[in-house]
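The values are calculated or read from the model by the stated rules, or taken from the named source; none is laboratory data. Here the structure is a predicted model, which is why all the values come from computation and not from measurement. Virtual Cβ from ideal backbone geometry, glycine too; neighbours counted across all protein chains shown. We work out accessible area using only protein heavy atoms, side chains counted, and drop any ligands, DNA or RNA first. Shrake-Rupley method; radii C 1.70, N 1.55, O 1.52, S 1.80 Å.
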Amino acid sequence: MGQIVLLDQNMINMIAAGEVIERPASVVKELMENSIDAGATRIAVSIEDGGRRLISVSDNGRGMDAEDLGRALEPHTTSKIKTNSDLRAISTLGFRGEALASIASIAQVRAVSRPKDSTEANCIEIDCGDKRDVTPCSADYGTTIQIRDLFYKLPARRKFLRTANTEMTHIVEQFIRIALGSHFAVNHKNEALETEPFSNEHGLDMTLTHNGRELYRLVGRQTLHERIAKLFPIFSADMSEDFIETESSEKGLHIHALLGKPSVSRTNSKFQYVFLNGRYIRDKFISHAIKEAYRGILEPDRFPVAFLFLRMPYQDYDVNVHPTKIEVRFYNANLIHSQILGCLRERLLGTDLQTRAKLPPTTPALASKGATAAGHRSSEIADAMAEFFKKHKPVQTQQQFAPAQRKHRDATSFPAGHGTERHAHCAVPQIGAAEAKFLQIHNSFIVEQTDDGFVIIDQHALHERILYENLSRRISAGSLESQKLLIPESFELTEAQADVLNTNAELIEKLGIELVPFGPKTMAIQAFPPLLAGAAPVDFVQDLTDLLSDKGPGLDTKGLLDEVLNMAACKAAIKAGQKLSDSEIEQLLVDRQRTELTSRCPHGRPTTIRFSMSDLEKQFKRT
Ligand code: ADP
Ligand code: MG
């Protein structure tokens, strides 16, 4: 008995600090947020030894008088909310009144502040919760908070700190988030949120210094594009090369998005930045919407780069759900999801995302000799092509010829390789008909002249995309047209496989495939869709059975249908290594015009790489 005691305040603060302050970067975040909430237009962050020795944040915000300064470091003290109703519409970055007290319980803190309208500055020092009196001092207006020796009385926590470089990486990340989030008016009045357009020139002057070396200097009068280019040197300084931009405002949600083109996609989602009213947030609905928006535009294992700036009324979401305020709860998450998805998807689908070729830089030697000799030119082109083929391997490299007998023909299904047209090793590229401006190379790619240069098309990927779109359109309108086979094709199957086919009978019928039992363990294909003529019926049905048994149980109807159509398009499409006649190439190019979104195959790989005349002219030093 008598085991339960009331913790003293410093213990309570230390426990709170455990939630909020994970590492030096968390301190930087909290202090910078306070500066922004104080209306600062200039913030200087100075770090020593990855934040272990010193974190100093200095601003020109509204400052605090002696009384407020004494209070600011107490637990549960804040100037940002007062009543219950304030909690339902939080317009500031902070509101919990915990950060300064938590930090002061685990480090040595010195805070100096002078309000804008006062000539007096004051200072307070705290050493791990041990607070001294507020004393007058001299200082410019604004606030400077210095944190020394973070966690020095908590060896267990200090031990978890990584090298200065690693801690600096985390600090830089926080700095970047604040630099981008604050670029848009954080202190917008709630009423204005829906109507006021984004100001593109509303940034803070910000610097970040480590051990006396300046890492970032951002000036306030910078456009968003300039700021992103400065923060992320990996992107081209000309943002339009790597990004497309879109904006929409509907039902109280304003979206401004910079969407990375597929060429700048990444292997993780680190380069997805979502800001809600200036606050960096992580949200699974929004991440999902971004992913969905790029469906079919990026390979499934790639992540798009995206900067999303959202504005909506503060009362439409709750920030009071996570100690570090990185998560919010939307009252209408479905609406947010569908609006973001709609806005992004529409922009992405409406954009020509053809991959632009990156030609290797020209060698100075070649330039000095004057690149006039035709030999040089062709060797340069050959180099460029070689480079291109190295980077963009054909989707499928095996030589595959379709079954000998072809029974059907459809606008988008080629008789793949007639017996008479087989040239397994066609050394001389086939030149198109007199007026046609294309040729097939390596039986896998089509080079087509365009108005401003030429494109290289991956024949399999493009045809796959065309088939996929065609299949989806027809399936959503009903079912695929079916055609009786002259001779039914039979195949053997296990009981489990027969079960799978039975369970999915409706889907199979929709695909225009007619199956009839043909013996105890045998099934016969009686009819098959002409649209899939590029695939061998038995082969197709067997793969379909495998797919249905592997993925069927885990997917909803829509997801499963999509998988099936993907597979169907892939199997029925022209293969890499397949020789095409002029008329077949022409048909492919005509079908491309009729189909939307042909710059990527259904798996998101590029179908077409574009070389512009200006690229070529630059390479040949003509400009
Ligand atoms: P919160 O930000 O949640 O209110 P903090 O512990 O971070 O809580 O800060 C407590 C209070 O101290 C703030 O509400 C604010 O009034 C004041 N304050 C903190 N930092 C600054 C600053 N840089 N400039 C002016 N006032 C500040
Ligand atoms: Mg705060």
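Among all positions in region 95-106, there is at least one residue which is away from ligand 1 (no atom under 12 Å from the Cβ) and touching a helix residue (DSSP H, G or I) at 6+ places or on another chain (Cβ under 8 Å).
Kindly evaluate LYS621 against the criterion of being under 27 Å from the mean Cα position of the chain (by Cα) and open to solvent by 50 Å² or more (accessible area, probe 1.4 Å). It is false that LYS621 is under 27 Å from the mean Cα position of the chain (by Cα) and open to solvent by 50 Å² or more (accessible area, probe 1.4 Å). Can you confirm whether region 457-471 contains a residue that is open to solvent by 70 Å² or more (accessible area, probe 1.4 Å) and not in a strand (DSSP E or B)? No - not one qualifying residue is present in region 457-471. Scan region 49-80 residue by residue and report those that are closer than 16 Å to LEU208 by Cα and open to solvent by 60 Å² or more (accessible area, probe 1.4 Å). Of everything in region 49-80, just one residue is closer than 16 Å to LEU208 by Cα and open to solvent by 60 Å² or more (accessible area, probe 1.4 Å), namely ARG53.
Scanning region 59-75 for residues that are among the acidic types (Asp, Glu), away from ligand 2 (no atom under 14 Å from the Cβ) and part of a loop (DSSP other than H, G, I, E, B) yields one hit, ASP65. Look through region 37-57, keep the residues that are touching a helix residue (DSSP H, G or I) at 6+ places or on another chain (Cβ under 7 Å) and within 15 Å of ligand 1 (Cβ to nearest atom), and return whichever of them is nearest to ILE21 (Cα to Cα). Selected residue: ILE55. THR83: over 23 Å from VAL134 (Cβ atoms), near ligand 1 (Cβ under 8 Å from one of its atoms) and open to solvent by 10 Å² or more (accessible area, probe 1.4 Å), yes or no? No.
Among the candidates LEU161, LEU100, the residue that is open to solvent by 10 Å² or more (accessible area, probe 1.4 Å) and at pLDDT below 95 is uniquely LEU161. Within region 126-149, the set of residues being part of a loop (DSSP other than H, G, I, E, B) and out of contact with any helix residue (DSSP H, G or I) (no Cβ under 6 Å at 6 or more places or on another chain) comprises CYS128, ARG132, ASP133, SER138, ALA139, ASP140, TYR141, ASP149. Pairing each residue of region 61-86 that is free of Cβ contacts under 8 Å to residues at least 12 places away in the same chain with any residue that is assigned to a loop (DSSP other than H, G, I, E, B) and within 8 Å of ligand 1 (Cβ to nearest atom), provided the two are 6+ apart or on different chains, yields C-beta distances under 6 Å for ARG71/THR77.
Yes/no per residue for (1) surrounded by 15 or more Cβ atoms within 10 Å (Cβ to Cβ); (2) touching a Lys or Arg at 6+ places or on another chain (Cβ under 6 Å); (3) of a type in the set (Asp, Glu):
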{"position": "ILE513", "(1), (2), (3)": "yes, no, no"}
{"position": "PHE518", "(1), (2), (3)": "yes, no, no"}
{"position": "GLN526", "(1), (2), (3)": "yes, no, no"}
{"position": "PRO529", "(1), (2), (3)": "yes, no, no"}
{"position": "PRO537", "(1), (2), (3)": "yes, no, no"}
{"position": "VAL541", "(1), (2), (3)": "yes, no, no"}
{"position": "LEU547", "(1), (2), (3)": "yes, no, no"}
{"position": "ASP550", "(1), (2), (3)": "no, no, yes"}
{"position": "THR557", "(1), (2), (3)": "no, no, no"}
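Exactly one residue out of SER85, SER91 is more than 16 Å from ligand 2 (Cβ to nearest atom) and either assigned to a loop (DSSP other than H, G, I, E, B) or over 15 Å from LEU31 (Cβ atoms) (or both): that is SER85. For SER614, are the conditions met, namely being within 15 Å of SER444 (Cα to Cα) and either acidic (Asp, Glu) or open to solvent by 20 Å² or more (accessible area, probe 1.4 Å) (or both)? Judged against the criteria, SER614 is not a match.
Residue-wise test of (1) surrounded by fewer than 19 Cβ atoms within 10 Å (Cβ to Cβ); (2) in a helix (DSSP H, G or I).
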{"position": "LYS291", "(1), (2)": "yes, yes"}
{"position": "LEU310", "(1), (2)": "no, no"}
{"position": "ASN320", "(1), (2)": "yes, no"}
{"position": "ILE340", "(1), (2)": "no, yes"}
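Restricted to region 101-112, and to residues that are within 14 Å of ligand 2 (Cβ to nearest atom) and touching a strand residue (DSSP E or B) at 6+ places or on another chain (Cβ under 8 Å), which residue is nearest to TYR331 (Cα to Cα)? Per the criteria, the residue is ILE103.
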